[in-house]
1. Any residue in the stretch 108-119 that is modelled with pLDDT under 95 and either in contact with a Ser or Thr (Cβ under 6 Å, 6 or more places away or on another chain) or within 30 Å of residue 49 (Cα to Cα) (or both)?
2. As an exercise: evaluate residue 159 against (1) crowded, with 18+ Cβ neighbours inside 10 Å; (2) modelled with pLDDT under 95; (3) over 21 Å from residue 4 (Cα atoms); (4) among the charged types (D, E, K, R) and give the number of the one condition it does not meet.
3. Cβ-Cβ under 8 Å, sequence separation 6+ or interchain: first residue in the stretch 73-85 and under 21 Å from residue 164 (Cα atoms), partner of a type in the set (Lys, Arg). Which pairs?
4. Looking at residue 52 and the list (1) part of a loop (DSSP other than H, G, I, E, B); (2) in contact with a Gly (Cβ under 7 Å, 6 or more places away or on another chain); (3) among the acidic types (Asp, Glu), which single condition is not satisfied?
5. For the stretch 75-102, which positions are loosely packed, with under 12 Cβ neighbours inside 10 Å and within 16 Å of the chain's Cα centre (by Cα)?
6. For residue 142, work out the one condition from (1) modelled with pLDDT under 95; (2) under 16 Å from residue 25 (Cβ atoms) it doesn't fulfil.
7. Please tell me if residue 151 is over 20 Å from residue 15 (Cα atoms), in contact with a helix residue (DSSP H, G or I) (Cβ under 8 Å, 6 or more places away or on another chain), modelled with pLDDT of 90 or more and acidic (Asp, Glu).
8. For the stretch 1-43, which positions are under 20 Å from residue 59 (Cα atoms) and touching a residue at least 40 places away in the same chain (Cβ under 8 Å)?
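The values are calculated or read from the model by the stated rules, or taken from the named source; none is laboratory data. Model, not experiment: these values are computed from the prediction. Using ideal geometry, Cβ is built from the backbone for each residue, glycine included, and neighbour counts are taken over all protein chains shown.
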Amino acid sequence: MWIFSRLDLLLRRISYLGFLAASALLLIVGLIGAADVVSTNLFLKPIPGMVELSGALLAVIVFLGLAEAQARGSNIVIDIATQHLKPTAKRVSAIFSLAIGTIFMGLIAWKATKLAGTSWHFNETALGALAFPVAPFKTVACFGAWLAVAEFARQLVYRIVGLEMPEHRTDD
């Protein structure tokens, strides 16, 4: 059982690091977007490639932050159908939704892996004023997708076993 708790802690820490990286990238996207707007409006010259770079970074931000959002329960929850259920029915409902989430996120991660592999194989570059390689962005987004699969699966295992999920302090 100690190995499961170690894996659990490792997953939570990696998830939190992904969240921190996504937060930093979001700040960078905001700064380069602001710089591009200022450059365009003041100097009538946009910064080349900023739209393409922002788009690539936004995909990375979404996937890197997804596992931590799921872990914190920060995703949108519509509980109108489950709010009045008995505890057993709520547990079954949670198991069902986590299983579906794990499956769908697994399919997304699998396809993202194939896309990243193809991108590396063909040395894909962004189309636009600034041609930069796209494969690293797709690879990091792919990692974030697999991290989200692991988080969905972690929560699913806890629900199936009937244990409370441990609260890990990630802000040490």
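1. No, because not a single residue in the stretch 108-119 is modelled with pLDDT under 95 and either in contact with a Ser or Thr (Cβ under 6 Å, 6 or more places away or on another chain) or within 30 Å of residue 49 (Cα to Cα) (or both).
2. Every listed condition holds for residue 159 apart from (3).
3. 82/90
4. With (1) part of a loop (DSSP other than H, G, I, E, B); (2) in contact with a Gly (Cβ under 7 Å, 6 or more places away or on another chain); (3) among the acidic types (Asp, Glu) applied to residue 52, the lone miss is (1).
5. 75, 76
6. The failed condition is (1).
7. Spelling it out, it is not the case that residue 151 is over 20 Å from residue 15 (Cα atoms), in contact with a helix residue (DSSP H, G or I) (Cβ under 8 Å, 6 or more places away or on another chain), modelled with pLDDT of 90 or more and acidic (Asp, Glu).
8. Within the stretch 1-43, 14, 15, 16, 18, 19, 21, 22, 23 meet the criteria.
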